[in-house]
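Asks: Dropping a structure here in structure tokens format, bear with me for questions.
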Amino acid sequence: MKAANAPGTPPGPTPAVRVLVIGGGYVGTYTALRLQRNLAASIARGETEIVLVTPDPYMTYRPLLPEAAAGSIDPRHVVVPLRRLLDRCRIVIGEAHAVDHAKRTATVSTLATADEGTGTTTIAYDELVLAPGTVSRTLPVPGLAEHGIGFRTLEEAIGLRNHVIEQLDLASSTRDPELRAAALTFVFVGGGYAGVEALAELEDMARYAVRHYHNVGPEDMRWVLVEAADRVLADVAPDLGAYTVSELRRRGVDVRLNTRLARCTDRVAHLSDGSRLPTRTLVWTTGTAPHPLLTATDLPLTDTGRLACTARLAVDGAPHAWGAGDAAAVPDLTRPGEHTAPHAQHALRQARLLGDNIAAALEGRPLKDYVHRSATCVASLGLHKGVAHVRGRPVKGYPAWFLHRVRHLRGVPTVRRKVRVLAEWTLAGLFSREIVSLGSLEHPRAAFEQAAGDTAPDDPKGST
């Protein structure tokens with residue numbers, strides 16, 4: 001089958017084989033990177049084309065989002081520009097809406113189709129890598145959509161940082177004790193990696209920031225972590241989960257286990273234990289759900305809504321379709337009957353093997369199974385604090401925090417980004433934290449719109 005030219009492709013010979021990668025997260029980016037290395041000669045001869053469809057022109061390294069939110073790292077350094085990294089791939093900025101694997105086509109909307117009013121376009125392919133990742137798992141909690149804040153994207157992380165600092169400013173300037181208390185109450189729902197690390201880093205940042213407020217102190221702030229299970233960080237050893245709870249409580253964090261958010265109305269968080277917490281900050285980090293795109297395909301899914309894949313990362317029963325990472329249910333050969341957990345370490349390793357297996361399939365070589373025993377789990381609890389589980393051995397405090405940084409420094413793609421992140425960490429150790437809120441970045445045209453609105457067209461003072 002000869003695939004049609006992708007959007008933005010200049011007229012010319014159609015490549016013999018087109019590999020379409022949907023998703024610009026870990027799996028999509030690293031699979032495309034591996035493919036462009038493995039198939040460099042074929043790409044140069046025009047025999048193979050790799051097309052990556054992604055909503056953003058960059059990949060976000062999510063494990064470092066908490067540090068970006070806390071100001072330990074410049075936000076630009078936790079993202080990687082895809083056009084620079086994947087210089088032999090064709091990047092299509094757009095959203096995939098459906099996949100018809102029987103016809104080997106994907107329906108995609110791009111900036112061009114939106115501007116032209118055509119809605120969508122169709123991209124044909126020969127090999128498909130479906131890696132759209134996941135979306136935030138939400139529940140029908142009254143008031144969540146109106147007041148909740150997510151923590152999965154760079155925009156959300158920076159928005160949350162600005163919001164926290166703005167609450168400190170509000171508390172410092174108001175004379176209303178109820179408003180002050182609500183502004184200084186920060187509720188995080190979800191005790192996984194994202195929730196624990198985000199709360200710990202931001203609490204660390206806020207504790208430092210209030211040194212510069214004459215009427216707000218650490219004792220005035222209230223940080224609450226709500227977790228429905230009986231422990232936090234379910235993927236680490238139980239004793240490390242218990243240590244994490246004790247460490248957070250030692251810092252004054254109110255950890256509520258076996259508790260759920262019942263509703264959040266009128267800026268009051270109602271918990272299942274009967275508590276009422278007036279708050280202006282509700283952060284939702286309760287996990288993820290399969291991307292809705294998966295249900296708009298004719299590919300087989302599991303009962304949990306993930307792609308049914310084999311250990312070779314091929315979609316089961318669908319030749320020329322591949323999957324890995326959070327969107328795929330990959331058999332865990334180290335635990336018969338189970339699937340690999342949706343972790344970054346699995347996603348990165350699966351992506352590399354997936355790039356190798358696709359290249360092998362195109363060249364007629366045998367494929368390999370994915371086998372990896374998860375040996376290390378790390379989590380940061382703020383500056384110089386952390387927990388880790390390394391080959392069955394628990395590590396706490398500063399050593400765990402150091403392991404966390406070493407591990408993620410290795411995981412950040414490209415030498416350029418590694419050097420920048422290391423430099424940021426080094427400078428952060430020499431100088432104080434940045435505690436500036438740049439809320440105007442979220443609405444960059446606000447000042448201009450106000451100025452333009454104040455000067456109406458029929459206002460003689462506004463004419464020149």
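Every residue, every condition in (1) surrounded by 14 or more Cβ atoms within 10 Å (Cβ to Cβ); (2) outside the structural domain of L52 (by TED's automatic domain parsing); (3) in contact with a Lys or Arg (Cβ under 8 Å, 6 or more places away or on another chain); (4) of a type outside the set (K, R), yes or no:
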position	(1), (2), (3), (4)
T107	yes, no, no, yes
D126	yes, no, yes, yes
L154	yes, yes, no, yes
G159	yes, yes, no, yes
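Per-residue answers, yes or no, for (1) assigned by TED's automatic domain parsing to the domain that holds V245; (2) in a loop (DSSP other than H, G, I, E, B); (3) farther than 29 Å from D204 by Cα; (4) modelled with pLDDT under 90:
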| residue | (1), (2), (3), (4) |
| --- | --- |
| D356 | no, no, yes, no |
| L367 | no, yes, yes, no |
| Y370 | no, yes, yes, no |
| V387 | no, no, no, no |
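Asks: Tell me yes or no: at least one residue of segment 209-223 is more than 29 Å from H408 (Cβ to Cβ) and of a type in the set (F, W, Y).
Replies: Within segment 209-223 (the criterion being more than 29 Å from H408 (Cβ to Cβ) and of a type in the set (F, W, Y)), the answer is yes, since at least one residue qualifies.
Asks: Would you mind stating whether L367 is of a type outside the set (D, E, K, R), closer than 19 Å to R410 by Cα and touching a residue at least 24 places away in the same chain (Cβ under 8 Å)? First the steps, then the outcome.
Replies: Values: of a type outside the set (D, E, K, R): yes; closer than 19 Å to R410 by Cα: no; touching a residue at least 24 places away in the same chain (Cβ under 8 Å): yes.
Considered against the rule, which asks whether it is of a type outside the set (D, E, K, R), closer than 19 Å to R410 by Cα and touching a residue at least 24 places away in the same chain (Cβ under 8 Å), L367 comes out as no.
Asks: Only residues in segment 161-188 that are farther than 19 Å from H147 by Cβ count as the first member; pair them with residues that are surrounded by fewer than 16 Cβ atoms within 10 Å (Cβ to Cβ) and of a type in the set (F, W, Y), Cβ under 9 angstrom, at least 6 apart or cross-chain, and list the lot.
Replies: Partner pairs satisfying both residue conditions: D169/Y213; S172/Y213.
Asks: Do you know which residues across segment 307-353 are within 18 Å of the chain's Cα centre (by Cα), within 15 Å of I22 (Cα to Cα) and not aliphatic (A, V, I, L, M)?
Replies: Scanning segment 307-353 gives G325, D326.
Asks: H404: outside any strand (DSSP E or B) and either surrounded by 14 or more Cβ atoms within 10 Å (Cβ to Cβ) or at pLDDT 90 or above (or both), yes or no?
Replies: Details: outside any strand (DSSP E or B): yes; either surrounded by 14 or more Cβ atoms within 10 Å (Cβ to Cβ) or at pLDDT 90 or above (or both): yes.
Yes: the conditions hold for H404.
Asks: Condition first: modelled with pLDDT under 85 and among the hydroxyl-bearing types (S, T, Y). Now tell me which residues in segment 372-385 satisfy that.
Replies: Result: S374, T376.
Matching residues to (1) of a type in the set (G, A, S); (2) under 26 Å from L233 (Cβ atoms):
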residue	(1), (2)
T153	no, yes
E156	no, yes
S173	yes, no
A181	yes, no
G191	yes, yes
V196	no, yes
A206	yes, yes
V210	no, no
Y213	no, no
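Asks: All but one of (1) within 24 Å of the chain's Cα centre (by Cα); (2) within 28 Å of P399 (Cα to Cα); (3) modelled with pLDDT under 95; (4) among the aliphatic types (A, V, I, L, M) hold for V196; state the number of the condition that does not hold.
Replies: (3)
Asks: Same structure, new question: Those residues that are over 23 Å from P278 (Cα atoms) and β-branched (V, I, T), I need them from segment 195-236; list them, please.
Replies: Of everything in segment 195-236, those that are over 23 Å from P278 (Cα atoms) and β-branched (V, I, T) turn out to be V232, V236.
Asks: Sort out which residues of segment 37-60 are surrounded by 22 or more Cβ atoms within 10 Å (Cβ to Cβ) and out of contact with any Ser or Thr (no Cβ under 6 Å at 6 or more places or on another chain), and write them in order of number.
Replies: So the first thing to find is which residues in segment 37-60 are surrounded by 22 or more Cβ atoms within 10 Å (Cβ to Cβ), and the list is 39, 48-54, 59-60.
Those that are surrounded by 22 or more Cβ atoms within 10 Å (Cβ to Cβ) and out of contact with any Ser or Thr (no Cβ under 6 Å at 6 or more places or on another chain): E49, I50, V51, L52, V53, T54, T60.
Asks: Report, ordered by the first and then the second residue, all pairs with beta carbons closer than 6 Å, sequence separation of six or more or different chains, a first member in segment 55-72 that is touching a residue at least 60 places away in the same chain (Cβ under 8 Å), and a second member that is of a type in the set (S, T, N, Q) and crowded, with 20+ Cβ neighbours inside 10 Å.
Replies: Between residues of segment 55-72 that are touching a residue at least 60 places away in the same chain (Cβ under 8 Å) and residues that are of a type in the set (S, T, N, Q) and crowded, with 20+ Cβ neighbours inside 10 Å, the close pairs are M59/T29.
Asks: Give the residues of segment 253-269 that are of a type outside the set (K, R) and crowded, with 19+ Cβ neighbours inside 10 Å, sorted by residue number. Can you show your working first?
Replies: Quick first cut of segment 253-269, residues of a type outside the set (K, R) only: 253-255, 257-259, 261-262, 264-266, 268-269.
Within segment 253-269, V253, V255, T259, L261, C264, A269 meet the criteria.
Asks: A further question follows. At pLDDT below 85, of a type outside the set (S, T, N, Q) and surrounded by 14 or more Cβ atoms within 10 Å (Cβ to Cβ): does that describe P444? Break it down stepwise before answering.
Replies: Numbers: at pLDDT below 85: yes; of a type outside the set (S, T, N, Q): yes; surrounded by 14 or more Cβ atoms within 10 Å (Cβ to Cβ): no.
So P444 fails the test.
Asks: Let me ask something else. Which of the helices (runs of 4 or more DSSP H) found entirely inside segment 78-185 contain at least 3 residues meeting this: closer than 22 Å to R280 by Cβ? First the steps, then the outcome.
Replies: On the way: elements: 82-85, 111-116, 144-147, 154-173, 177-183.
Correct list: 144-147, 154-173, 177-183.
The values are calculated or read from the model by the stated rules, or taken from the named source; none is laboratory data. On a predicted model such as this, the values are computed, not experimentally measured, just so you know. Cβ sites come from the backbone with ideal geometry, for glycine too, and all protein chains shown count toward neighbours.
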